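A.B. asks: Structure below; questions to follow.
The values are calculated or read from the model by the stated rules, or taken from the named source; none is laboratory data. The model shown is predicted, which means the values in this text are computed figures rather than measured ones. Neighbour counts are summed over all protein chains in view; Cβ atoms, including those assigned to glycine, are modelled from backbone coordinates with ideal geometry.
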Amino acid sequence: MVVLTKPGIDHFPIVKNCKLSSFFNGVPLIDLSKPNSKNLIVKACEEFGFFKVINHSVPTEFITKLESEAIKFFSSPLSEKQKAGPADPFGYGNKKIGPNGDVGWVEYILLSTNSEFNYHKFASILGVNPETIRAAVNDYVSAVKKMACEILEMLAEGLNIHPRNVFSKLLMDEKSDSVFRLNHYPPCPEIQQFSDNNLIGFGEHTDPQIISVLRSNNTSGLQILLKNGHWISVPPDPNSFFINVGDSLQVMTNGRFKSVRHRVLANSVKSRLSMIYFGGPPLSEKIAPLASLMEGEESLYEEFTWFEYKKSAYKTRLADNRLVLFEKVAAS
Ligand SMILES: C=C1C[C@]23C[C@@]1(O)CC[C@H]2[C@@]12CC[C@H](O)[C@@](C)(C(=O)O1)[C@H]2[C@@H]3C(=O)O
Ligand SMILES: O=C(O)CCC(=O)C(=O)O
Ligand SMILES: [Fe+2]
């Protein structure tokens with residue numbers, strides 16, 4: 001007789017609970033409807049590489065529609081979901097993150113925003129018309145991309161860069177290599193027994209692209225690493241978006257902005273559902289500091305294309321510092 005048990009958690013990474021694990025109330029808050037937001041965005045990118053956005057233009061019905069499709073998908077039997085996998089890198093993934101042995105207490109769908117991919121597979125699992133799911137993803141991604149471009153334009157204005165679309169044009173390009181991800185973190189009751197430790201849902205990392213836009217349900221878990229070396233917990237807010245500076249924006253600002261290191265911890269009772277749009281440039285784009293930001297400074301980085309960076313990133317583990325391979329060696 002085969003006895004089916006829940007997968008054990010002993011093979012998953014754990015982290016020590018930090019003293020400051022209660023919610024941090026210092027996440028910069030950007031009200032997109034306020035005229036002085038561009039300067040606050042620059043400050044937030046310099047200090048945290050991370051901020052929260054309110055009064056955005058993304059219609060609530062796009063968020064709720066996609067969220068309900070995602071809940072339907074993740075509630076299907078594992079054998080059904082696996083028909084849309086494995087993630088190579090696109091498709092359904094469960095516990096395994098990336099190609100180099102990283103694992104976490106998470107299941108996900110990873111999609112390229114400019115390919116049809118296999119909406120058909122998702123749709124057949126959900127029992128819906130492929131067009132319904134494709135439309136839900138498209139409506140959401142288009143609205144979030146528009147907001148990301150508005151933010152990047154405000155950022156350029158705040159930095160006094162002309163033209164103001166230097167960053168946003170990379171996302172608007174029809175060849176923009178952007179990615180969309182739905183992450184589901186099932187509750188893990190076993191961790192109630194842990195006192196000093198916590199289970200990793202998605203291990204620490206920085207996002208390689210220019211900008212990431214994250215929206216989650218009301219379940220906590222997201223943490224960011226502050227410059228002082230402390231991990232802090234970000235209070236969840238399903239009505240807002242969280243913005244991450246990615247590695248490519250760090251390079252384009254010659255290190256003035258730092259890509260934010262972040263991770264997700266598992267929850268013992270509630271499931272977390274997050275949707276993340278990763279705005280990336282076309283594959284052939286040269287990623288280098290903008291001349292207008294250099295003011296006689298040397299570039300801190302060797303020149304590379306987004307294709308070269310991605311190729312290199314996919315050889316790394318999640319927690320690796322991927323930019324270090326592209327830093328210029330200082331002459332002694
Ligand atoms: C371990 C990995 C997963 C990842 C590709 C990588 O080799 C290193 C970067 C990882 C990351 C982090 C941000 C995004 O979630 C992601 C889609 C990306 O672009 O880079 C993932 C990659 C992935 O899950 O395929
Ligand atoms: O799921 C989340 O809340 C964040 C996950 C993340 O950082 C990522 O997918 O790159
Ligand atoms: Fe991330």
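A.B. asks: Out of the residues in segment 157-212 meeting the condition of being more than 16 Å from ligand 2 (Cβ to nearest atom), surrounded by 15 or more Cβ atoms within 10 Å (Cβ to Cβ) and of a type in the set (S, T, N, Q), tell me which one is farthest from LYS43 (Cα to Cα).
C.D. replies: SER176
A.B. asks: Take the conditions touching a residue at least 24 places away in the same chain (Cβ under 8 Å) and over 21 Å from the mean Cα position of the chain (by Cα) and apply them to SER176. Does it pass?
C.D. replies: No.
A.B. asks: Next question. Suppose we keep only residues that are modelled with pLDDT of 95 or more and assigned to a strand (DSSP E or B) within segment 1-48. Which one would you say is surrounded by the most Cβ atoms within 10 Å (Cβ to Cβ)?
C.D. replies: Here the residue is ILE30.
A.B. asks: Still on this structure: Can you tell which of VAL141, VAL103 is in a helix (DSSP H, G or I), of a type in the set (Val, Ile, Thr) and at pLDDT 95 or above?
C.D. replies: VAL141
A.B. asks: For segment 310-322, which positions are under 17 Å from the mean Cα position of the chain (by Cα) and outside any loop (DSSP other than H, G, I, E, B)?
C.D. replies: Selection gives LYS310, ALA313.
A.B. asks: So, in segment 30-53, of the ones that are more than 25 Å from GLY201 (Cβ to Cβ) and hydrophobic (A, V, I, L, M, F, W, C), which residue ends up nearest to the chain's Cα centre (by Cα)?
C.D. replies: Ranking the candidates gives CYS45 first.
A.B. asks: Same structure, new question: Yes or no: segment 250-263 includes at least one residue that is part of a strand (DSSP E or B) and either touching a residue at least 12 places away in the same chain (Cβ under 8 Å) or over 11 Å from the mean Cα position of the chain (by Cα) (or both).
C.D. replies: yes
A.B. asks: I would also like to ask the following. Pick from segment 204-235 the residues that are within 13 Å of ligand 3 (Cβ to nearest atom), in a strand (DSSP E or B) and of a type in the set (S, T, N, Q): which of them is farthest from TYR185 (Cα to Cα)?
C.D. replies: Among those residues, the one meeting the criterion is SER212.
A.B. asks: Every residue in segment 150-164 that is assigned to a loop (DSSP other than H, G, I, E, B) and either within 13 Å of PHE257 (Cβ to Cβ) or touching a Cys at 6+ places or on another chain (Cβ under 8 Å) (or both), please.
C.D. replies: Passing the criteria: LEU159, ILE161.
A.B. asks: Is it the case that ASN267 is part of a loop (DSSP other than H, G, I, E, B) and more than 23 Å from LYS145 (Cα to Cα)?
C.D. replies: Yes.
A.B. asks: Considering only residues that are under 29 Å from SER142 (Cβ atoms) and among the small types (Gly, Ala, Ser), which ones fall in segment 245-303?
C.D. replies: If the condition is that a residue be under 29 Å from SER142 (Cβ atoms) and among the small types (Gly, Ala, Ser), then GLY246, SER248, SER259, SER271, SER274, GLY279, GLY280, SER284, ALA288 are the ones that fit.
A.B. asks: Would you check if LEU323 is within 18 Å of ASP177 (Cβ to Cβ), crowded, with 19+ Cβ neighbours inside 10 Å and touching a helix residue (DSSP H, G or I) at 6+ places or on another chain (Cβ under 6 Å)?
C.D. replies: Yes; evaluated as a whole, the condition is true for this residue.
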